[in-house]
Amino acid sequence: MTDRYDAIVVGAGHNGLVCASLLAKAGKSVLLLEANKQVGGAAITRPFADGYSVSAGAHLLYQLQPEVQKELKLNIKMAADNLSTIVLSANGRHVRYCGDEVSGVRQKDVDSFAEFHQRMTRYADLLRTAFNKPPPRLGTTNKKDLLSLARFGFDVRRLGKIEMREFLRLIGMNIHDELSERFDNPLLKGGLSLDAVLGTHLGPRSPNTIMTYLYRLAGNRGRLALPVGGMGSVSDALAHAARGAGVTIRTNMPVKRIIVENGRATGVETEEGERFSSLTIVSNADPRRTIMKLVGARHVETRFTHRINNIRMRGNAAKLHLALDGLPTIDGLTRKDFGERLLLAVDENHVERAFNPAKYGESSPSPVVEMTFPSFRDESLAPTGKHVMSAIVQYAPYDLKGGWTDTAREEFRQAAIKAIAQYAPDIEQRIIASELLTPVDIEREFHISGGHWHHGELTLDQFLFVRPVAGAAQYQMPLDGLYLCGAGTHPGGGVSGAAGRNAARVILSGGKPV
Amino acid sequence: MSIQEVPQGRLRSPFYSRLQALDTLNTWHEWKGYSSADALYCAETEYFAIRNATGVFDLTPMTKYRISGPDALDYLDRLVTRDMQKIKPGRVAYAVWCDDQGQVIDDGTIFHLREGEYRLCSQERHFAWLTAAAIGFDVSVVVETAEVAALAVQGPTSFTVLSSMGLEGLATLKPFGLRHFEFAGTELMVSRTGYTGDLGYEVWIAAEKAELLWDALFAAGQLHGIRAIGTHALDLARIEAGYLAAFEDFLPADTTVRTGRSRSPFELGLDWLVDFKKPNFNGRKALAEEKRNGSTWRLVKLDIEGNKPAHHAYIYAKEKRNKKEIGFITSAAWSPVCKQNVALGTVRMPHGKTGDTVWVEIFYQREMHWTRVMAKAVVVDKPFWFPPRRSLTPPDPY
Ligand SMILES: Cc1cc2nc3c(=O)[nH]c(=O)nc-3n(C[C@H](O)[C@H](O)[C@H](O)COP(=O)(O)OP(=O)(O)OC[C@H]3O[C@@H](n4cnc5c(N)ncnc54)[C@H](O)[C@@H]3O)c2cc1C
């Protein structure tokens, strides 16, 4: 006898939680199986040293969709909201930006930034409307699909002819060219470049980086927040909502395979051999893992397997966590500035140069860094008077030449600390403990193939109608009863809940376009 | 001083020296990079060797892939539409494989050489497809076209010829069976397979031993009417047997550009090869849908009145008022052995049910002038040529 459910969700990442909750709220019996002992996927808070905790994956909240918050009645307390970004300068003349304001640069750049930000948010808003609905199917004859295609086209057209031309010009472009046309200040260009490429295998000169920049703004116009208790509290709130809606959540339950019978998914089997059956299986695991590992190539078509196997998803961002016995000193920063978001990127070329070695499977000797001190606003994360630094350090290619050996890891850790020490000379003395997560560690801990933020590079060829791959947009896999709901699907990664919510809507509509 | 021959860029089969020695016509065509003879002395005589004695055809250019590894069976089962679990070691399966849309890429034979080790043979090359299909499987796909020399040994005396070559135990080999023999210090594989619809075998050996095999075969066959044959003779035999040829009776799906120009297995009369009971195969979903909704085309075997081969003819439902054709002929021949005007063709569903009468518009030329006849044709379901000796085990000695 196996237990039967209306739906089984594999993986309790935040998207899996959102999807499961919405299905349960619609009256379905839902089982949610998570491999890890904790729910949340890459959105968790966990200890990394005695007495110190950190958001082990995502550390800044800027994309959570209001629709998700509303429908699930989430009440997430923020330790800090509307954070500024400070691009550090070695001589203490830092550049700060927040919304459409920037300081520490010449007036020309101030004006230019306001205009840049306005235009970018206008385009990002456009993208946002696409965020919260399943992408229309290309080559479709379905009325609703055509309607949403038309609507997307219409939204673009509403910009007006000139703006539309500008939008279409920019969307495939690289951020570097746009920034060098507009701005003089190297730090500003460095910071914005880094914004565009965080979490990707792209440099500021790579095509598409305007798109990734827009994507970042698309969530909530780029407004940054730190939840109390770290990212884990977002997932905890979601888990609470899920349980409230009647979802059965079982952790420490890695799913070994999705059972396929006669061309349709009929259940799952866990590593321990337990079986659960359902005619609706939703996977929060990345598309490649779902198809190649859980389903098996045997059960899907050749070209489809080929496309899934070719999804570009080599992670390139490492995470560095430091347990500090006090805040470091950084020239030109006030104490309260430690509550903001700090970037280390001398200029746009620094970001590109950091990316260069990654193209050839080497890590950056002089990496670029996004740094936060979450304990500054949230005392729950470290013992009194002590602090936590959480940083994203790029680039650390997943498929490092020679592999991520202890030596390679130590080398990269040193490079990261050296980079920070250029601004915070006493950082090393302050370190009590440290943890480095390379994309390989991220893969291991969160079960994300390639350790990629978005479960697949966020580029035009893997976006909207062709995300994760052509022929499988709309969350539906070409196997009856199998759906995806994670970051690998439209719109992509980031803690937004959009993919999970869209997937639930598609499932509830019985596979019809919504 | 001697004149050096300039290489023409075509590959030569390891049997080339022997074929060339017998060749009096010098008409060769290209087959997947190899030189292959149209005929060696006279296509008709060669054809009669197949039906009355033994015809030997050089199969080496046939594309051969060695498929092995822990997932070989699962891989093949997903690749082709039929159930490969049923094909035990020592057995051969005729099979088709389809793209994701359920359209036939090619047909071929799969030899289960030994437990978990297979050879797939097809007229066309498919390495790219086979490689793509291997993603996610622990399987190795190796091209062995050049390494393995092969001959088709076909006709009523073929069993006697091979037996007198000293291959013991051949008598019990059933159709679609294969067996390994020791020959010239190497392994000779013999399968009871072929493309002629007659009693016949295919023999497979390492390319270095090809000439030795040829010589032994022809020595053994001398008294049994053995003859080397070319493609024309074989093509006539395969039409009589009702076998399909890629690029004649269907286009490999990966070579078509226009929609509707490729065919599903159902549209090629290969329903019996499609097994919906097995877990999955490429194109299953699309084929299940086609099964529900009906196919567009049907392949027909036609018995046509008169003696003018209906090459490339249009097929009509009625003799008169034939405004709209319902299909066309893809392979046609006057069959000497059946004394019948036969053809394979494609018609639109629902036309072409067994027993239906259709009309074939045949054009032929006499002293430059064209003549047109509307020939009556009946749709038949059995191969035109299907002698009992084809499957008799043990075969009768001749
Ligand atoms: C280092 C890093 C930093 C990031 N920083 C930010 C940031 O600051 N802000 C932001 O918004 N985003 C950030 N992101 C991106 C964001 O974290 C992810 O895009 C998002 O968490 C993906 O959510 P998800 O629910 O789709 O998938 P995941 O969070 O990956 O969840 C998938 C879940 O499925 C489970 N699973 C997989 N396979 C199985 C199986 N076989 N059986 C059972 N369970 C399984 C996994 O264990 C996991 O819990 C970051 C990502 C990384 C890796």
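Annotations
- As a summary of the residue check, B:S163 satisfies the conditions (1) among the polar types (S, T, N, Q); (2) open to solvent by 10 Å² or more (accessible area, probe 1.4 Å); (3) under 17 Å from B:L79 (Cβ atoms) except for the one numbered (3).
- For segment B:58-74, the condition holds for at least one residue, the condition being that it is at pLDDT 95 or above, within 14 Å of chain A (Cβ to nearest Cβ) and open to solvent by less than 10 Å² (accessible area, probe 1.4 Å).
- Across segment A:41-88, the number of residues qualifying as in contact with a Phe, Trp or Tyr (Cβ under 8 Å, 6 or more places away or on another chain) and farther than 17 Å from A:G339 by Cα comes to 5.
- A residue that is at negative phi and in contact with a Cys (Cβ under 7 Å, 6 or more places away or on another chain) occurs nowhere in segment A:408-416.
- Subset of segment A:367-406 (residues that are among the hydroxyl-bearing types (S, T, Y) and either surrounded by 24 or more Cβ atoms within 10 Å (Cβ to Cβ) or farther than 20 Å from A:A433 by Cβ (or both)): A:T372, A:S375, A:S390, A:Y395, A:Y398, A:T405
- For segment A:183-208, filtering for residues that are surrounded by 18 or more Cβ atoms within 10 Å (Cβ to Cβ) and farther than 20 Å from A:D461 by Cα leaves 12.
- Qualifying residue in segment B:5-25 (condition: at pLDDT 95 or above and at positive phi): no
- Qualifying residue in segment A:414-430 (condition: under 18 Å from A:E362 (Cβ atoms), touching a strand residue (DSSP E or B) at 6+ places or on another chain (Cβ under 9 Å), in contact (Cβ under 8 Å) with a residue 12 or more places away in the chain and within 14 Å of the ligand (Cβ to nearest atom)): yes
- The one condition in (1) within 16 Å of the ligand (Cβ to nearest atom); (2) touching a residue at least 40 places away in the same chain (Cβ under 8 Å); (3) under 17 Å from the mean Cα position of the chain (by Cα); (4) part of a helix (DSSP H, G or I) that A:A196 fails to fulfil: (2)
- Verdict on A:R4 being surrounded by fewer than 24 Cβ atoms within 10 Å (Cβ to Cβ), within 13 Å of the ligand (Cβ to nearest atom), closer than 27 Å to A:H447 by Cα and not hydroxyl-bearing (S, T, Y): no
- Screening A:D50 on (1) surrounded by 24 or more Cβ atoms within 10 Å (Cβ to Cβ); (2) more than 8 Å from the ligand (Cβ to nearest atom) shows it passes everything except condition (1).
- Subset of segment A:11-46 (residues that are away from the ligand (no atom under 11 Å from the Cβ) and either over 17 Å from A:V268 (Cβ atoms) or not assigned by TED's automatic domain parsing to the domain that holds A:G492 (or both)): A:S21, A:L22, A:A24, A:K25, A:A26, A:G27, A:T45, A:R46
- Exclusive hit being crowded, with 24+ Cβ neighbours inside 10 Å, touching a residue at least 40 places away in the same chain (Cβ under 8 Å) and acidic (D, E), set A:E435, A:E443, A:E457: A:E457
- Any hit, segment A:248-256, residues being modelled with pLDDT of 95 or more and touching a Gly at 6+ places or on another chain (Cβ under 7 Å): no
- Tally of residues being buried (at least 16 other Cβ atoms within 10 Å of the Cβ) and among the small types (G, A, S) across segment A:328-348: 2
- Segment A:68-98 - residue that is away from the ligand (no atom under 16 Å from the Cβ) and over 27 Å from A:E379 (Cα atoms) and, of those, nearest to the other protein chains (Cβ to nearest Cβ): A:E71
- The residue that is farthest from the other protein chains (Cβ to nearest Cβ), among those in segment B:104-128 that are among the aliphatic types (A, V, I, L, M) and more than 16 Å from the chain's Cα centre (by Cα), is B:L113.
- If you go through segment A:281-307 and keep only what is at the interface with chain B (Cβ under 10 Å from one of its Cβ atoms) and of a type in the set (V, I, T), you end up with A:I291, A:V295, A:V300, A:T302, A:T305.
- Strands (runs of 3 or more DSSP E) (entirely within segment B:129-232) containing at least 1 residues that are within 14 Å of chain A (Cβ to nearest Cβ): B:140-143
- Single condition A:S278 does not satisfy, out of (1) under 16 Å from A:G492 (Cα atoms); (2) more than 12 Å from chain B (Cβ to nearest Cβ): (1)
- With respect to the stated conditions, A:G481 fails to be touching a residue at least 12 places away in the same chain (Cβ under 8 Å), open to solvent by less than 40 Å² (accessible area, probe 1.4 Å) and within 12 Å of the ligand (Cβ to nearest atom).
- Among the candidates A:V268, A:V255, A:V351, the residue that is open to solvent by 10 Å² or more (accessible area, probe 1.4 Å) and either away from every other protein chain (no Cβ under 14 Å) or within 12 Å of the ligand (Cβ to nearest atom) (or both) is uniquely A:V255.
- Top-ranked residue in segment A:240-252 [being part of a helix (DSSP H, G or I) and of a type in the set (A, V, I, L, M, F, W, C); ranked as surrounded by the most Cβ atoms within 10 Å (Cβ to Cβ)]: A:A242
- As a summary of the residue check, A:A241 satisfies the conditions (1) under 17 Å from the mean Cα position of the chain (by Cα); (2) under 27 Å from A:S55 (Cα atoms) except for the one numbered (1).
- As a summary of the residue check, A:P204 satisfies the conditions (1) outside any helix (DSSP H, G or I); (2) over 30 Å from A:L33 (Cβ atoms); (3) free of Cβ contacts under 8 Å to residues at least 40 places away in the same chain except for the one numbered (3).
- Close pairs from segment A:490-514: first farther than 21 Å from A:G456 by Cα and modelled with pLDDT under 95, partner within 12 Å of the ligand (Cβ to nearest atom) and open to solvent by 10 Å² or more (accessible area, probe 1.4 Å), Cβ under 6 Å, at least 6 apart: none
- The residues of segment A:283-312 that are touching a Pro at 6+ places or on another chain (Cβ under 9 Å), open to solvent by 50 Å² or more (accessible area, probe 1.4 Å) and within 16 Å of the ligand (Cβ to nearest atom) amount to a single one, A:R288.
- Within segment B:296-320, tally of residues that are among the small types (G, A, S) and without any contact (Cβ under 8 Å) to a residue 12 or more places away in the chain: 0
The values are calculated or read from the model by the stated rules, or taken from the named source; none is laboratory data. Keep in mind the model is a prediction, meaning the values are calculated, not measured. Here the Cβ is made from the backbone with ideal geometry for all residues, glycine too, and neighbour counts use every protein chain on show. What goes into the accessible areas is simple: the full protein's heavy atoms, side chains included, and nothing from ligands, DNA or RNA. Shrake-Rupley method; radii C 1.70, N 1.55, O 1.52, S 1.80 Å.
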